[in-house]
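The values are calculated or read from the model by the stated rules, or taken from the named source; none is laboratory data. Since the structure is predicted, the reported quantities are computational estimates derived from the model, not experimental observations. Reconstructed Cβ throughout: ideal geometry from the backbone, glycine too, with neighbour counts over all protein chains shown.
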Amino acid sequence: MFNLQLSCLTSIITKTESHYCEFLLKNLYRGQSITIANALRRTMLAHIKGSAIIAIKIKNISNEFSSIPGLKEDTLELMLNLKTIIIRNTNYKPYKGSLTIQGPAIITSNLLDLPKTITIINKQQYIATITDNTIFQMDFYIISGSGYYLNQQNIQKKYNDFLFIDAVFIPIISCTYKQINISTTEYNYFEHLSYKIWTNGSISPYQALTYSSNILELTFAQLKNLVFKKIEKKKKKQQKARKLIKIEELTLSNRIYNALHRAKIKSIEELRQKSNKELLLIKNLGLKSLKEISIALTKIHK
């Protein structure tokens, strides 16, 4: 096994919500680079946790198509703006917050009242504009999760009277990779892996690479101590079930039924345990009967 080497070739922060890094993983065996790259990419996009605002409540607003008194934006535009706020939640616990502000004013994400464990990455993210001296009040929920799917049916009872926002928890903006072949001899070569990661600033590209590696390590570690007892139990249950099935379930002629009963063969499992030679020793059973029994057993186990 070659000694793996990981280095950071480029690291750029263009703005607070855009972090980029290019990594180079050296000394992989042939075929390993694409396998590792795919596994890391899928894990980053599906399993790394993020946080987002998933529900809001505004007084006298019952649906997302309503206009809000004193606000330039309607409810749907407000929800879409809240969806773009990037949140880092260090303890991943749900949080219910509120916002109260009197206009005229421009509402940005840094005005949200949050605990120390929750940080807004894009602090100047625009939310809405209050056009007069109206007092705008809003409650909101922040939760953490992975991926982008949120089953609203499971949380509607918990967050009663709230309007739900489709949550995007994924902190990874994009990740790409490239395989580089390095020849050592005429018949042998090993591979380098170039890996580029863009994140939204809630985690760094290095953290994303580390978290996904740890998740894969824990997953593969479970393969070391696999137990197959459950499979054996299933086989025993199947055998018991066959013993309960009588030979009358097979589509056989009466002559064969009578011959098997005289030989005290009453279940399909007992019939399966008999070899062809043993069946031929039974009176009134011949080669034609064996063929008919074989076809019947095949049909019942399809």
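When the residues of the stretch 64-116 are filtered to those that are of a type in the set (D, E, K, R) and not in a strand (DSSP E or B), which remaining residue is farthest from the chain's Cα centre (by Cα)? Walk me through how you get there before you give the answer.
Quick first cut of the stretch 64-116, residues of a type in the set (D, E, K, R) only: 64, 72-74, 77, 83, 88, 93, 96, 113, 116.
Restricting the remaining residues to those that are not in a strand (DSSP E or B) gives 64, 72-73, 77, 83, 93, 113, 116.
Details: Glu64: 29, Lys72: 39, Glu73: 35, Glu77: 30, Lys83: 21, Lys93: 20, Asp113: 32, Lys116: 29 Å.
Among those that are of a type in the set (D, E, K, R) and not in a strand (DSSP E or B), it is Lys72.
Which condition does Met79 not pass, out of (1) surrounded by fewer than 18 Cβ atoms within 10 Å (Cβ to Cβ); (2) touching a residue at least 60 places away in the same chain (Cβ under 8 Å); (3) closer than 22 Å to Glu64 by Cβ, if it passes all the others?
Here Met79 meets the rest and fails (1).
Among the listed residues Ile48, Ile56, Ile85, Ile68, identify the single one that is hydrophobic (A, V, I, L, M, F, W, C) and farther than 30 Å from Asn133 by Cα.
Ile48
Picking from Leu216, Leu252, which residue would you name as being farther than 30 Å from Ile120 by Cβ, modelled with pLDDT of 90 or more and surrounded by 12 or more Cβ atoms within 10 Å (Cβ to Cβ)?
Numbers: Leu252 fails: modelled with pLDDT of 90 or more.
Every option except Leu216 fails the conditions.
For the stretch 187-220, give me the residue count where each residue is within 14 Å of Ser18 (Cβ to Cβ), hydrophobic (A, V, I, L, M, F, W, C) and not in a helix (DSSP H, G or I).
In the first step, residues of the stretch 187-220 are kept if they are within 14 Å of Ser18 (Cβ to Cβ); the result is 196-205, 208.
Now restrict to residues that are hydrophobic (A, V, I, L, M, F, W, C): 197-198, 203, 208.
Right, trim to not in a helix (DSSP H, G or I) and you get 197-198, 203.
Qualifying residue count, the stretch 187-220: 3.
Restricting to the stretch 135-155, and then to whatever is outside any strand (DSSP E or B) and either modelled with pLDDT of 90 or more or not polar (S, T, N, Q) (or both), can you tell me which residue is surrounded by the fewest Cβ atoms within 10 Å (Cβ to Cβ)? Please lay out each step first, then the result.
From the stretch 135-155, those outside any strand (DSSP E or B) are 147-155; that's our starting set.
Checking the rest, the ones that are also either modelled with pLDDT of 90 or more or not polar (S, T, N, Q) (or both) come to 147-150, 155.
Values: Gly147: 15, Tyr148: 14, Tyr149: 10, Leu150: 18, Ile155: 17.
Out of the qualifying residues, it is Tyr149.
Which condition number in (1) surrounded by 15 or more Cβ atoms within 10 Å (Cβ to Cβ); (2) on the phi > 0 side of the Ramachandran plot; (3) within 29 Å of the chain's Cα centre (by Cα) is the one that Gly31 fails?
Gly31 satisfies all of (1) surrounded by 15 or more Cβ atoms within 10 Å (Cβ to Cβ); (2) on the phi > 0 side of the Ramachandran plot; (3) within 29 Å of the chain's Cα centre (by Cα) except (1).
Scanning for something loosely packed, with under 12 Cβ neighbours inside 10 Å and under 18 Å from Lys246 (Cβ atoms), does the stretch 274-293 turn up at least one residue?
no
For the stretch 264-284, how many residues meet the condition of being of a type in the set (Lys, Arg) and outside any loop (DSSP other than H, G, I, E, B)? Don't jump to the end; show me each part of the working.
Step one: of the stretch 264-284, the residues of a type in the set (Lys, Arg) are 264, 266, 272, 274, 277, 283.
Subset that is outside any loop (DSSP other than H, G, I, E, B): 272, 277.
Residues in the stretch 264-284 being of a type in the set (Lys, Arg) and outside any loop (DSSP other than H, G, I, E, B): 2 in total.
How about the stretch 269-302: which of its residues are within 54 Å of the chain's Cα centre (by Cα), at pLDDT 80 or above and β-branched (Val, Ile, Thr)?
Ile293, Ile295
Restricting attention to the stretch 176-213, and to residues there that are small (Gly, Ala, Ser) and modelled with pLDDT of 90 or more, which single residue is nearest to Asn89 (Cα to Cα)? Before the answer, list the steps.
Looking only at the stretch 176-213, we keep the residues that are small (Gly, Ala, Ser), and these are 183, 194, 201-202, 204, 208, 212-213.
Restricting the remaining residues to those that are modelled with pLDDT of 90 or more gives 194, 201-202, 204, 208, 212-213.
Values: Ser194: 30, Gly201: 12, Ser202: 9, Ser204: 14, Ala208: 15, Ser212: 18, Ser213: 21 Å.
By that ranking, first place goes to Ser202.
Could you tell me how many of the residues in the stretch 200-221 are over 12 Å from Met44 (Cα atoms) and of a type outside the set (Gly, Ala, Ser)?
Residues meeting the conditions: 5.
Cβ contacts < 6 Å: first residue in contact (Cβ under 8 Å) with a residue 24 or more places away in the chain, restricted to the stretch 110-130; second residue among the charged types (D, E, K, R) and part of a strand (DSSP E or B), any location; separation 6+ or different chain. Result?
Qualifying pairs under 6 Å: Thr119/Arg88.
State which residue pairs qualify: first residue touching a residue at least 24 places away in the same chain (Cβ under 8 Å) and inside the stretch 54-66, second residue among the charged types (D, E, K, R) and part of a loop (DSSP other than H, G, I, E, B) in any location, beta carbons under 7 Å apart, and separation of 6 or more residues or different chains.
Here the result reads Lys57/Asp161, each pair linking the stretch 54-66 to a residue that is among the charged types (D, E, K, R) and part of a loop (DSSP other than H, G, I, E, B).
Regarding Ser51, is this residue surrounded by 17 or more Cβ atoms within 10 Å (Cβ to Cβ) and hydroxyl-bearing (Ser, Thr, Tyr)?
On the way: surrounded by 17 or more Cβ atoms within 10 Å (Cβ to Cβ): yes; hydroxyl-bearing (Ser, Thr, Tyr): yes.
The answer is yes for Ser51.
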